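Notes follow once the structure below has been shown.
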Amino acid sequence: MSNQKFWHICCIRPRSEKKVLKIIEGLNYEVFLPMKKQIRIYKNVKKKVFLPFFPGYIFVNILPGFRHHITAIPEVYRFLKFNDDYAKISQDEIKNLILINSCPDYHNNIVIKSFFEKGKDAEVIKGPLIGLKGKMIKNKGNNRIVVEIDAIKQGITINIDLKDLAPIDK
């Protein structure tokens with residue numbers, strides 16, 4: 001068993017993401033719930049609400065021996081595993097999610113996809129998303145950057161100007 005912290009993926013009861021976030025923060029663990037701003041209309045009232053990018057998931061940076069503290073929370077079902085290994089979110093993927101989360105002006109351009117589209121690696125070089133890395137694709141004539149989260153096989157796509165992107169050579 002490794003003694004290093006890594007970002008785990010918790011599967012939690014849907015619509016309880018914010019509650020679980022507060023509980024885990026109260027336990028003094030590093031936790032991240034990426035949320036997007038949306039305008040919802042209720043009768044004649046417009047309300048600004050924040051919804052999770054990935055409903056039913058929350059990310060926790062924790063030592064492997066302390067997972068039981070998180071699974072003791074009734075709304076937490078389990079930690080995501082593949083072939084007996086706990087799913088990990090890389091530091092780069094978390095950095096990308098934090099960057100997207102910190103730019104609410106782009107939230108209207110976000111589309112969550114449950115598949116990955118092939119494209120060329122690219123990095124945002126201008127604007128508030130500078131440093132964001134992903135794959136460049138064209139979709140219905142729009143240039144988009146896809147930020148992939150491998151462990152849950154989902155990604156976020158954002159409309160972006162081609163002039164704000166630079167290819168990444170590997």
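The values are calculated or read from the model by the stated rules, or taken from the named source; none is laboratory data. Please read these numbers as outputs of a predicted model, since none were measured by experiment. Methodologically, a virtual Cβ is constructed for each residue, glycine included, from the backbone with ideal geometry; neighbour enumeration extends over all protein chains shown.
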Among residues of the stretch 46-58 being of a type in the set (A, V, I, L, M, F, W, C) and surrounded by 12 or more Cβ atoms within 10 Å (Cβ to Cβ), the residue nearest to LYS153 (Cα to Cα) is PHE54
Within the stretch 1-45, the residues that are surrounded by 10 or more Cβ atoms within 10 Å (Cβ to Cβ) and either on the phi > 0 side of the Ramachandran plot or of a type in the set (D, E, K, R) (or both) are LYS5, ARG13, ARG15, GLU17, LYS18, LYS19, LYS22, GLU25, GLU30, LYS36, LYS37, ARG40
Condition met for PRO64 (of a type outside the set (Lys, Arg), surrounded by 14 or more Cβ atoms within 10 Å (Cβ to Cβ) and in the same structural domain as LYS126 (by TED's automatic domain parsing)): no
LEU165 vs (1) surrounded by fewer than 19 Cβ atoms within 10 Å (Cβ to Cβ); (2) more than 18 Å from the chain's Cα centre (by Cα); (3) of a type outside the set (Phe, Trp, Tyr): all pass except (1)
Residue set GLY56, GLY155, GLY134; condition of a type in the set (Gly, Ala, Ser), assigned by TED's automatic domain parsing to the domain that holds GLN38 and within 29 Å of ILE39 (Cβ to Cβ); output residue GLY56
